[in-house]
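Remarks on the structure that follows.
The values are calculated or read from the model by the stated rules, or taken from the named source; none is laboratory data. Quantities reported herein were computed from a predicted structural model and do not represent experimental measurements. Reconstructed Cβ throughout: ideal geometry from the backbone, glycine too, with neighbour counts over all protein chains shown.
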Amino acid sequence: MSVKLLHFLTVSVYLNYIGGEVFFYQPEQIHIAYGDDIYEIVITWSTFNDTQNSVVEYGIGGLILREEGTSKTFVDGGVAKHTQYIHRVTLRNLTPDSEYVYHCGSDLGWSNLFNFKTAPNRSDWQPHLAIYGDMGNENAQSLVRLQEETQRGLYDAILHVGDFAYDLDTNNAEIGDAFMRQIESIAAYLPYMTCPGNHEEAYNFSNYRERFSMPRGSQSYMYSINIGPLHIISISTEVYYFLNYGIKPLVFQYQWLEDDLIKANLPENREKQPWIIVMGHRPMYCSNNDDDDCTNHETQTRVGMPFFKFFGLEDLLYNYGVDLEIWAHEHSYERLWPIYNYTVYNGSYEAPYVNPKAPVQFTTGSAGCREGRDEFSYKPPWSAFRSNDYGYTRLKAYNSTHLHLEQVSDDKAGEVVDSFWLVKDRHGPYPMSKMNWAKVDKIRLKYMGL
Ligand SMILES: *[C@@H]1O[C@H](CO)[C@@H](O)[C@H](O)[C@H]1NC(C)=O
Ligand SMILES: *[C@@H]1O[C@H](CO)[C@@H](O)[C@H](O)[C@H]1NC(C)=O
Ligand SMILES: *[C@@H]1O[C@H](CO)[C@@H](O)[C@H](O)[C@H]1NC(C)=O
Ligand SMILES: *[C@@H]1O[C@H](CO)[C@@H](O)[C@H](O)[C@H]1NC(C)=O
Ligand SMILES: *[C@@H]1O[C@H](CO)[C@@H](O)[C@H](O)[C@H]1NC(C)=O
Ligand SMILES: *[C@@H]1O[C@H](CO)[C@@H](O)[C@H](O)[C@H]1NC(C)=O
Ligand SMILES: [Fe+2]
């Protein structure tokens with residue numbers, strides 16, 4: 001090889017090497033989420049050096065449009081002070097029912113091309129979601145099947161119900177980076193909607209809050225989003241357990257949640273989104289044989305803080321007619337009969353999920369992580385079905401009266417091991433619901449702009 005050619009190759013290889021320093025401008029860990037509504041998409045990614053600007057080029061059928069966003073320096077709390085730049089760009093006013101292509105980065109380096117599809121703007125749209133919690137970097141059993149199904153276009157969005165990577169901050173947050181690269185194969189194509197779990201606790205949940213971009217801003221633990229006929233509310237159950245970070249997040253969330261439930265119940269809203277679904281990491285009930293709080297009668301999220309019994313979620317969700325509650329944390333799947341205060345309120349004995357007289361709850365925390373599976377103890381009368389196969393849940397909203405749920409077993413090669421229809425002719429408070437009428441009236445007036 002000639003000296004000249006060798007010199008040319010050397011220069012090419014070190015193009016990123018200016019003044020003896022290596023630069024990392026290449027975007028990675030690309031993921032998307034809904035913004036304030038489903039026609040807003042927030043694209044988030046990381047670089048390890050400051051690229052000065054954060055750009056998404058995108059469009060229907062080509063990279064026609066350009067949108068700039070912001071970048072924030074994120075320093076992990078570990079000893080290495082692992083530093084990255086987290087970039088966020090919001091695409092607004094997207095055209096319904098369209099296939100968009102995009103890439104992200106800056107003039108210093110672009111990502112691969114990705115694509116996502118926007119929902120049709122029709123009241124008969126039937127959103128299909130994949131739902132799971134507790135998926136790690138190691139032993140992410142469900143990921144292969146989820147990649148395959150995502151790329152075949154089966155889903156409209158993902159709900160990851162807390163506990164990521166095990167953990168996002170492990171090894172000075174390098175496990176977090178590895179996990180975010182790993183889920184890019186689904187999260188760059190589908191809105192990846194999350195809530196925090198106990199594994200995100202380190203440094204006051206900073207890895208969770210900085211890496212994901214959820215509605216209401218990245219510093220928030222809770223949000224709600226309308227997806228077709230679904231009003232999905234995502235909360236942090238961790239505010240009940242990590243009081244070392246203060247009681248403010250718990251009080252603030254409870255008040256926000258009551259406001260959001262009241263708004264969702266205003267007739268004009270519940271008409272459009274009849275299904276109110278709440279997701280949070282730790283369940284109120286479980287029949288696993290570990291020492292988790294859900295095995296206790298007085299679960300803190302259920303009845304409120306120890307001794308004081310303030311801010312319990314079970315009454316709140318029951319009183320405002322929540323239809324479905326989705327939890328994780330237990331590394332298993334458990335479906336309950338409609339339940340309130342340890343009493344089963346079936347719609348009827350023959351058809352328990354047709355017009356149930358209390359919310360329906362299930363736990364789906366078996367996506368796969370390095371902690372393996374959780375075993376069960378005796379089966380209580382409120383527990384309808386249990387499995388600790390690795391897997392995840394599918395939810396399809398057919399219309400205002402019918403939701404279909406199914407549990408996919410990864411152990412059994414994708415077999416559906418449980419399924420049920422939740423059927424409601426009318427949505428709203430339950431027979432013994434007690435609303436806070438003073439607050440309802442206040443919010444109704446505020447909402448009407450009075
Ligand atoms: C670029 O990133 C590398 C790796 O994180 C770091 O060592 C280096 O100091 C950074 N350079 C600048 C100019 O920020
Ligand atoms: C969806 O349709 C409604 C009613 O036809 C319209 O008001 C709204 O602007 C549409 N939204 C989008 C994003 O096109
Ligand atoms: C932890 O973060 C929350 C939410 O941002 C904040 O309200 C709280 O004050 C923080 N706690 C501590 C101890 O920094
Ligand atoms: C729940 O049941 C217990 C008895 O197990 C009872 O003491 C309590 O008052 C009930 N709570 C509500 C809100 O009905
Ligand atoms: C609820 O329905 C299921 C299914 O029919 C039944 O096994 C269970 O005993 C019922 N519970 C009550 C309290 O009626
Ligand atoms: C809703 O969908 C279910 C399942 O496809 C169907 O049986 C039912 O008739 C539909 N109801 C309405 C009101 O369209
Ligand atoms: Fe957990």
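His231: assigned to a helix (DSSP H, G or I) and out of contact with any Pro (no Cβ under 8 Å at 6 or more places or on another chain), yes or no? Walk me through it before giving the result.
Values: assigned to a helix (DSSP H, G or I): no; out of contact with any Pro (no Cβ under 8 Å at 6 or more places or on another chain): yes.
For His231, the condition - assigned to a helix (DSSP H, G or I) and out of contact with any Pro (no Cβ under 8 Å at 6 or more places or on another chain) - is not met.
Residues in segment 105-120 that are within 20 Å of Tyr155 (Cβ to Cβ) and touching a residue at least 60 places away in the same chain (Cβ under 8 Å): how many?
Residues meeting the conditions: 5.
So Lys81 fits all but one of (1) outside any strand (DSSP E or B); (2) surrounded by 15 or more Cβ atoms within 10 Å (Cβ to Cβ); what number is the exception?
Every condition holds for Lys81 apart from (2).
Do you know which of the residues in segment 232-261 that are touching a residue at least 40 places away in the same chain (Cβ under 8 Å) and among the charged types (D, E, K, R) is farthest from ligand 7 (Cβ to nearest atom)?
Asp259
This table checks each residue for (1) within 21 Å of Ile43 (Cα to Cα); (2) not assigned by TED's automatic domain parsing to the domain that holds Glu210.
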position	(1), (2)
Ser98	yes, yes
Gly109	yes, yes
Ala140	no, no
Gln151	yes, no
Phe164	yes, no
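Yes/no per residue for (1) crowded, with 17+ Cβ neighbours inside 10 Å; (2) more than 15 Å from the chain's Cα centre (by Cα); (3) in a strand (DSSP E or B):
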| position | (1), (2), (3) |
| --- | --- |
| Val89 | yes, yes, yes |
| Asn93 | no, yes, no |
| Tyr102 | yes, yes, yes |
| Asn112 | no, yes, no |
| Ile131 | yes, no, yes |
| Val144 | no, yes, no |
| Thr150 | yes, yes, no |
| Tyr155 | yes, no, no |
| Asn172 | no, yes, no |
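Would you check if Asn226 is within 16 Å of ligand 2 (Cβ to nearest atom) and either out of contact with any Ser or Thr (no Cβ under 9 Å at 6 or more places or on another chain) or not polar (S, T, N, Q) (or both)?
On the way: within 16 Å of ligand 2 (Cβ to nearest atom): yes; either out of contact with any Ser or Thr (no Cβ under 9 Å at 6 or more places or on another chain) or not polar (S, T, N, Q) (or both): yes.
Spelling it out, Asn226 is indeed within 16 Å of ligand 2 (Cβ to nearest atom) and either out of contact with any Ser or Thr (no Cβ under 9 Å at 6 or more places or on another chain) or not polar (S, T, N, Q) (or both).
Being crowded, with 18+ Cβ neighbours inside 10 Å and either more than 30 Å from Asn289 (Cα to Cα) or within 16 Å of ligand 7 (Cβ to nearest atom) (or both) is true for just one of Tyr447, Tyr390. Which residue is that?
On the way: Tyr447 fails: crowded, with 18+ Cβ neighbours inside 10 Å.
So the residue among Tyr447, Tyr390 that is crowded, with 18+ Cβ neighbours inside 10 Å and either more than 30 Å from Asn289 (Cα to Cα) or within 16 Å of ligand 7 (Cβ to nearest atom) (or both) is Tyr390.
Using the structure shown, decide if Tyr349 is away from ligand 6 (no atom under 16 Å from the Cβ), more than 30 Å from Ile443 (Cα to Cα) and assigned to a strand (DSSP E or B).
For Tyr349, the condition - away from ligand 6 (no atom under 16 Å from the Cβ), more than 30 Å from Ile443 (Cα to Cα) and assigned to a strand (DSSP E or B) - is not met.
Just to check your reading of the model, which residue among Ser348, Ser419, Ser400 is polar (S, T, N, Q) and either free of Cβ contacts under 8 Å to residues at least 12 places away in the same chain or within 16 Å of ligand 4 (Cβ to nearest atom) (or both)?
Values: Ser419 fails: either free of Cβ contacts under 8 Å to residues at least 12 places away in the same chain or within 16 Å of ligand 4 (Cβ to nearest atom) (or both); Ser400 fails: either free of Cβ contacts under 8 Å to residues at least 12 places away in the same chain or within 16 Å of ligand 4 (Cβ to nearest atom) (or both).
Exactly one residue qualifies, and that residue is Ser348.
Which ones in segment 292-337 are charged (D, E, K, R) and at pLDDT below 95?
Residues of segment 292-337 charged (D, E, K, R): 292-293, 298, 302, 309, 314-315, 323, 325, 330, 334-335.
Across segment 292-337, the qualifying residue is only Lys309.
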